[in-house]
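**Student:** Take a look at this one; I'll ask things after.
Each reported figure results from applying straightforward, stated rules to the coordinates on display, with no laboratory input. Note that the structure is predicted; figures quoted are calculated from it, not measured. Note: ideal-geometry Cβ built from the backbone for every residue, glycine included; neighbour counts use all protein chains shown.
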Amino acid sequence: MQLPTLTRIRQRFPRPRVDDLERTLEAELAASGVAIPRGARIAIAVGSRGIANLPRLVKTVVSWVKAQGGEPFLVPAMGSHGGATADGQCEVIEGYGVTEAAMGAPIRSSMEVVELPAGELPTPLFYDRHAFEADGTIVVNRIKPHTDYHGRYESGLMKMLVIGLGKHRQALAMHSLGVYGLREVVPQAARQVLRHGNVLLGVGVVENAYDETQLVRALPAQDLPDREPELLELARAAMPRLPVEALDVLIIDRFGKDISGVGLDTNIIGRLLIDGEPEPVSPRVKLIVVCDLTDATHGNACGLGLADLMVRRAYDKIDFAATYENLFTSGFLRRGKTPIVVDTDREALVYALRGAGVTDPARARIARIVDTLQLGELLVSPAVLDELAHREDIEVVGPGGDVFDGNGALCPFGAGAP
């Protein structure tokens, strides 16, 4: 099959960003009104997402606690991620550069939890034992639209208080309630944690469309329920998106839990695959190809079922035990079905075009992205390029060309075949 050439384009999104991150966060922490008593043991909760500048954010919080005479330590707060083991969760945050040596604080990772008063919640309420035994807890997380549902609270600080710090047992309990549990029960549970736990403040981060820190806020515990929705709306407005509404094939170079909790951001690809929940109206993508897993996902391919075809090098990296633990904890089993596995990137595209019913490859609507976090630059086929010809927010970066090498592998993003 004669494949169409792909041309690299650049999308221009609004790009507000924090220039002096440490100084900005220090000012936020100082203005929060939260004081750390001398000698207080403070747990700093860190999640499993690949947040921009995460080591710098955590290090700044550690230094702030120390400057007041506190004794900070780090706690992985990621539900069932990391294979639902203490060592696995420690490995996840260390993979982001959040190490004891770099942060100047010990990591205390455990799957042990204590039970907090649940009130009228339909499930028990769990809380990380190390965090509970501390004198206070600070949570650090990115706030963004969730990949499973939409509501007043989505991915962010309130959810981390419950599913992150509640570890595997809380993740199992909440996910057993399906989307209802995430949308309705998690906010109620977070308020119970704020009442009965030892949360001091949350450091909330919003990223721009280029995966850069747009703003950072230090929110005292009592302000979290009211302030987080404001930050969520900013994050929603800042999200990148594909430049067109309809594609025959979307090629995604890599996926993993550092990119999105479900590997591929459902808000970007237009697929949800949750029983009882309506599928997104747009974008409309006929078939999705995934080519590789990120190193930082440590073999967790949760969400692989959102794709239709997978290149073998991605399949060979899958840790099925970790993937299935995460999958069955979530309860969204359709997302765990294995896509069709093919040997090369080129073969994947050929099969995808056939599967999409494309009879004339020259008119195929194809786009290639690095991952669902990075949409500033992408490669598109002539049919897509023609649609974008008069868009002022689109810039053509280079000439069209073949993007496969002699072995059928994709060339590095933005490069032509050697």
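**Student:** What share of the DSSP beta bridges in the chain is antiparallel, in percent to the nearest 5?
**Tutor:** 40
**Student:** When DSSP assigns beta bridges and you keep just the ones with both residues in region 32-238, what percent turn out antiparallel, to the nearest 5?
**Tutor:** 40
**Student:** Sorting check: for 78-85, 379-386, which peptide has the highest mean count of neighbouring beta carbons within 10 Å, and how do the rest follow?
**Tutor:** 78-85, 379-386
**Student:** Right, something else. Quick one: if you stick a label point 7 Å off each Cα along the C-beta vector at residue 22 and residue 275, how many nm between them?
**Tutor:** 5.2
**Student:** Can you tell me the length gained on complete extension of the stretch residue 100 to residue 341, counting 0.36 nm per residue apart and subtracting the Cα distance?
**Tutor:** Length gained, residue 100 through residue 341: 82.8 nm.
**Student:** I would also like to ask the following. To the nearest 10 degrees, how steeply does helix 320-330 sit against the main Cα axis of the chain, on a 0 to 90 scale?
**Tutor:** Tilt of helix 320-330: around 70 degrees.
**Student:** Once you have a ≥ b ≥ c as the square roots of the Cα gyration tensor eigenvalues for region 32-238, tell me rounded if a/c is under 1.5, and otherwise prolate or oblate according to whether a/b is larger than b/c.
**Tutor:** rounded
**Student:** Say each of residue 12 and residue 38 gets a label point 7 Å from the Cα, pointing the same way as Cα to Cβ; how far apart are those two points in nm?
**Tutor:** Taking the simple label geometry, residue 12 and residue 38 are separated by 5.6 nm.
**Student:** For region 287-398, count all C-alpha to C-alpha pairs, find those more than 16 Å apart, and express that count as a whole percent of the total.
**Tutor:** That fraction is 65 percent.
**Student:** Something else: Determine the principal axes of the Cα atoms in the chain, then give the extent along each, sorted from largest to smallest and rounded to whole angstroms.
**Tutor:** 69, 41, 36
**Student:** Could you line up 150, 168 from fewest to most neighbouring Cβ atoms inside 10 Å?
**Tutor:** Placing the least packed residue first, the sequence is 150, 168.
**Student:** Hey, can you rank 262-271, 16-25, 118-127, 305-314 by average C-beta count inside 10 Å, highest first?
**Tutor:** Top of the packing list down: 262-271, 305-314, 118-127, 16-25.
**Student:** Place the peptides 345-355, 224-234 in order of packing, highest mean first, counting for every residue the other Cβ atoms within 10 Å and averaging per peptide.
**Tutor:** 345-355, 224-234
**Student:** Another question, if that's okay. Suppose each label sits 7 Å from its Cα in the direction of the beta carbon; what would the residue 284-residue 68 distance come out to in nanometres?
**Tutor:** 5.4
**Student:** Given R₀ = 25 Å, FRET efficiency for residue 1-residue 387 by Cβ-Cβ distance, to 0.05?
**Tutor:** 0.65
**Student:** Nothing charged except the Cβ atoms of Lys and Arg (+1) and of Asp and Glu (-1): what's the magnitude of the dipole of the chain about its Cα centre? Round to the nearest 20 debye.
**Tutor:** Value, rounded to 20: 320 debye.
**Student:** Pop out the ³J(HN,Hα) list for region 372-378 in order, Karplus 6.51 cos²θ - 1.76 cosθ + 1.60 with θ = phi - 60°, rounded to Hz; leave Gly and Pro as x.
**Tutor:** Ordered by residue, 3J(HN,Hα) equals 7, 8, 10, 10, x, 10, 8 Hz.
**Student:** Using 0.36 nm per residue of separation minus the Cα-Cα distance, give me the extension gain between residue 133 and residue 226 in nm, one decimal.
**Tutor:** Between residue 133 and residue 226, full extension yields an extra 30.8 nm.
**Student:** Ok, one more. Quick check: residue separation of residue 407 and residue 245 times 0.36 nm, minus the Cα distance between them. What number comes out in nm?
**Tutor:** Length difference between fully extended and current span is 55.1 nm.
**Student:** Take 387, 154, 277 and order them by how many other Cβ atoms sit within 10 Å, fewest up front.
**Tutor:** Final ranking by Cβ density, sparse to dense: 277, 387, 154.
**Student:** When only Cα pairs under 8 Å and 6 or more residues apart are kept, what is the percent relative contact order across the chain?
**Tutor:** Value for the chain: 20 percent.
**Student:** Let me ask something else about it. Within straight cross-link reach of residue 286, meaning Cα distance under 23 Å, which lysines are found once same-chain residues fewer than 8 apart are removed?
**Tutor:** 337
**Student:** Quick check on the exposure proxy: order 59, 66 from fewest to most C-beta atoms within 10 angstrom.
**Tutor:** 66, 59
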